[in-house]
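Reading through the structure tokens given below for one structure.
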Amino acid sequence: MDHFQYQGGRLCAEDVALADIADDVGTPFYVYSTATLERHYNVFAEALSGLDATICFSVKSNSNIAVIRTLANLGAGADVVSGGELKRALMAGVAPEKIVFSGVGKTALELADALRAGVMQINIESEPELEALSRVAMELGVEATIGLRVNPDVDARTHAKITTGRGENKFGIEWTRAHEVYARAAAMPGINPVGLAMHIGSQLGELSPFDDAFMRIKDLVATLRADGLAVESLDLGGGLGIPYGDQAEPLPGPAQYGEKVKAAFSDLGCRMIFEPGRVIAGNAGILVTRVIYVKEGATRNFLIVDAAMNDLTRPSLYDAYHDIVAISEPAAGDKSDTYDVVGPICETGDTFCRERSLPRQAAGNLLAVRTAGAYGAVMASTYNTRALVPEVLVRGGDYAVVRRRLEVEDLLDIEQQPSWLK
Ligand code: LLP
């Protein structure tokens, strides 16, 4: 459920017509709906009611400070994976004691920043990282609260590029060694292990992979405790899939996920941490783009639009499906055509969809690429010297530009010439 619906024939974000935003800020642009963000957060929180849970919004999915702040106002914490994301979460007003710092390659500088900020917990993914954190904590004269990220070696059955919980993936400590590493951490100076963490992948279309992972985590808690080691918190990561418009079957949602979590962990008496990203932000955002040309090719019709793979990379990177809709509601009896919707970048991979049936289009029309609120703007690049597009946040009948367009001049300004070329 989202808040991008037609009203009087015009696609709106809540009560604001997207065509009006386009006139104001130009295209392309991302637009997010406050009501959808809030709804998704509340549904997720509701599904976990009864647990002692902190919901740490995964900032990597959408790191706009206004988006994080919207969620923080509802009580959300943040899952961050870099010093940059940590800064954003703090700027958005997330309390440090609700921030979890994850990530496979945190540098000593980033670890020190996190310790100085007083984050809730740092999730450790390797022994060298554990040793580095111990050194940093000793230098600062503090104790680092850590979760040990365990790699449970299960197949999340999602896209190969976003599966993270198999033995061959770079993430976490092999579950077979986790006990030994946890015990080692407990004996290390400056380190206080409080629990375990896991994240097996993203865009999970079924919940069964969680069963195996949860079982391994549960077993581990039991053996650690039997050894006299305290396990007070469990961080179950993110990963719930969302509908992009191409799934035949309805996907399991937060309610079913919550049931599973409660069945597995209610009796352990642990504080629980969750790191949802996509399920909160995905359907809360769209990318609006304008048709530059309609090109009738020998075998295909192309809609060449002003957004490209640098603005939304998911279709080219993962062959991801995103619904594309017209911003003017098609009337009954309007003709459709089959189009490839493509951007202006000089690569065939710069394609949003192939052979998609859409209402007949003309140059100048506006289209919306749906479900672009997660892993959209955050993954943008400036390839082809295309500057970054603005982000707009809507709330009811109001909207605000929450990240201005990065102009080409801004990009050129950060370059300088060596003396021998001046
Ligand atoms: N926690 C950890 C440790 C993660 O690595 C991730 C995502 C999350 C939480 C949030 O997962 P979510 O709830 O959003 O599934 N760029 C890809 C997705 C990469 C996900 C990376 N990790 C895409 O566009 O599909």
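Please go through the range 297-324 and give me each residue that is more than 13 Å from the ligand (Cβ to nearest atom) and under 17 Å from Gly245 (Cα atoms), ordered by number. Steps first, please.
So in the range 297-324, the residues more than 13 Å from the ligand (Cβ to nearest atom) come out as 297-308, 310-311, 323-324.
Passing the criteria: Asp323, Ile324.
Which one is farthest from the ligand (Cβ to nearest atom), of the residues in the range 111-169 that are at pLDDT below 95 and in a helix (DSSP H, G or I)?
Selected residue: Ala160.
Here is a check on your reading of the model: is Asn73 surrounded by fewer than 23 Cβ atoms within 10 Å (Cβ to Cβ) and either among the small types (Gly, Ala, Ser) or not assigned by TED's automatic domain parsing to the domain that holds Ala380 (or both)? Walk me through how you get there before you give the answer.
Values: surrounded by fewer than 23 Cβ atoms within 10 Å (Cβ to Cβ): yes; either among the small types (Gly, Ala, Ser) or not assigned by TED's automatic domain parsing to the domain that holds Ala380 (or both): yes.
Yes.
Restricting to the range 5-28, name every residue that is in contact with a helix residue (DSSP H, G or I) (Cβ under 7 Å, 6 or more places away or on another chain) and under 19 Å from Ile324 (Cβ atoms).
So in the range 5-28, the residues in contact with a helix residue (DSSP H, G or I) (Cβ under 7 Å, 6 or more places away or on another chain) come out as 10-12, 14.
Within the range 5-28, Arg10, Leu11, Cys12 qualify.
Do you know which residues across the range 91-110 are surrounded by fewer than 22 Cβ atoms within 10 Å (Cβ to Cβ) and away from the ligand (no atom under 16 Å from the Cβ)?
Met91, Gly93, Ala95, Pro96, Glu97, Thr107, Ala108, Leu109, listed by residue number.
Given Asn151, Asn169, which one is in contact with a strand residue (DSSP E or B) (Cβ under 8 Å, 6 or more places away or on another chain), without any contact (Cβ under 8 Å) to a residue 24 or more places away in the chain and assigned by TED's automatic domain parsing to the domain that holds Leu207? Let's see the steps before the verdict.
Values: Asn151 fails: without any contact (Cβ under 8 Å) to a residue 24 or more places away in the chain.
So the residue among Asn151, Asn169 that is in contact with a strand residue (DSSP E or B) (Cβ under 8 Å, 6 or more places away or on another chain), without any contact (Cβ under 8 Å) to a residue 24 or more places away in the chain and assigned by TED's automatic domain parsing to the domain that holds Leu207 is Asn169.
Does Ala362 fit the bill of being within 16 Å of the ligand (Cβ to nearest atom), at pLDDT 95 or above and either at positive phi or assigned to a loop (DSSP other than H, G, I, E, B) (or both)?
Numbers: within 16 Å of the ligand (Cβ to nearest atom): no; at pLDDT 95 or above: yes; either at positive phi or assigned to a loop (DSSP other than H, G, I, E, B) (or both): yes.
So Ala362 does not fit the description; no.
For Gly195, state whether it is under 24 Å from Arg135 (Cβ atoms), in contact with a strand residue (DSSP E or B) (Cβ under 7 Å, 6 or more places away or on another chain) and crowded, with 18+ Cβ neighbours inside 10 Å.
Spelling it out, Gly195 is indeed under 24 Å from Arg135 (Cβ atoms), in contact with a strand residue (DSSP E or B) (Cβ under 7 Å, 6 or more places away or on another chain) and crowded, with 18+ Cβ neighbours inside 10 Å.
One line per residue, one yes/no per condition, for (1) in contact (Cβ under 8 Å) with a residue 12 or more places away in the chain; (2) more than 24 Å from the chain's Cα centre (by Cα); (3) in a strand (DSSP E or B); (4) within 16 Å of the ligand (Cβ to nearest atom):
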| site | (1), (2), (3), (4) |
| --- | --- |
| Asp246 | yes, no, no, yes |
| Gly258 | yes, no, no, yes |
| Phe265 | yes, yes, no, no |
| Val288 | yes, no, yes, no |
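Asn192 versus (1) part of a strand (DSSP E or B); (2) within 16 Å of the ligand (Cβ to nearest atom): which is the lone unmet condition?
It is condition (2) that Asn192 fails.
Do any helices (runs of 4 or more DSSP H) lying entirely in the range 3-90 carry at least 1 residues that are in contact (Cβ under 8 Å) with a residue 60 or more places away in the chain and within 16 Å of the ligand (Cβ to nearest atom), and which ones are they? Lay out the reasoning, then the answer.
On the way: elements: 18-25, 34-47, 65-72.
Hits in the range 3-90: 34-47, 65-72.
Conditions: (1) out of contact with any helix residue (DSSP H, G or I) (no Cβ under 6 Å at 6 or more places or on another chain); (2) in a loop (DSSP other than H, G, I, E, B); (3) touching a residue at least 24 places away in the same chain (Cβ under 8 Å). Ile242 meets all but one. Number of the miss?
Here Ile242 meets the rest and fails (1).
Is one or more of the residues making up the range 214-235 under 20 Å from the mean Cα position of the chain (by Cα), of a type outside the set (S, T, N, Q) and over 24 Å from Lys98 (Cβ atoms)? Steps first, please.
Quick first cut of the range 214-235, residues under 20 Å from the mean Cα position of the chain (by Cα) only: 235.
With of a type outside the set (S, T, N, Q) added as a condition, the list becomes 235.
This time we only want the ones that are over 24 Å from Lys98 (Cβ atoms), so: none.
Among the residues of the range 214-235, not one is under 20 Å from the mean Cα position of the chain (by Cα), of a type outside the set (S, T, N, Q) and over 24 Å from Lys98 (Cβ atoms), which makes the answer no.
Tally the residues that are part of a loop (DSSP other than H, G, I, E, B) and either of a type in the set (D, E, K, R) or surrounded by 10 or more Cβ atoms within 10 Å (Cβ to Cβ) (or both), restricting the search to the range 386-422. Full working, then the answer.
Our first condition is that a residue be part of a loop (DSSP other than H, G, I, E, B); within the range 386-422, this holds for 386-390, 396-397, 404-407, 414-418, 422.
Filter once more, keeping what is either of a type in the set (D, E, K, R) or surrounded by 10 or more Cβ atoms within 10 Å (Cβ to Cβ) (or both): 386-390, 396, 404-407, 415, 422.
Matching residues across the range 386-422 total 12.
Tally the residues that are at pLDDT 95 or above and at positive phi, restricting the search to the range 280-335.
Going through the range 280-335 one residue at a time, the tally reaches 1.
Consider Lys218 carefully, then state whether it is of a type outside the set (S, T, N, Q), in contact (Cβ under 8 Å) with a residue 60 or more places away in the chain and surrounded by fewer than 18 Cβ atoms within 10 Å (Cβ to Cβ). Step through it out loud before you land on a result.
Details: of a type outside the set (S, T, N, Q): yes; in contact (Cβ under 8 Å) with a residue 60 or more places away in the chain: no; surrounded by fewer than 18 Cβ atoms within 10 Å (Cβ to Cβ): yes.
No; evaluated as a whole, the condition is false for this residue.
The values are calculated or read from the model by the stated rules, or taken from the named source; none is laboratory data. The structure displayed is predicted, hence computed values, not measured ones. Note that each Cβ is placed from the backbone with ideal geometry, even for glycine, and that neighbours are counted across all protein chains shown.
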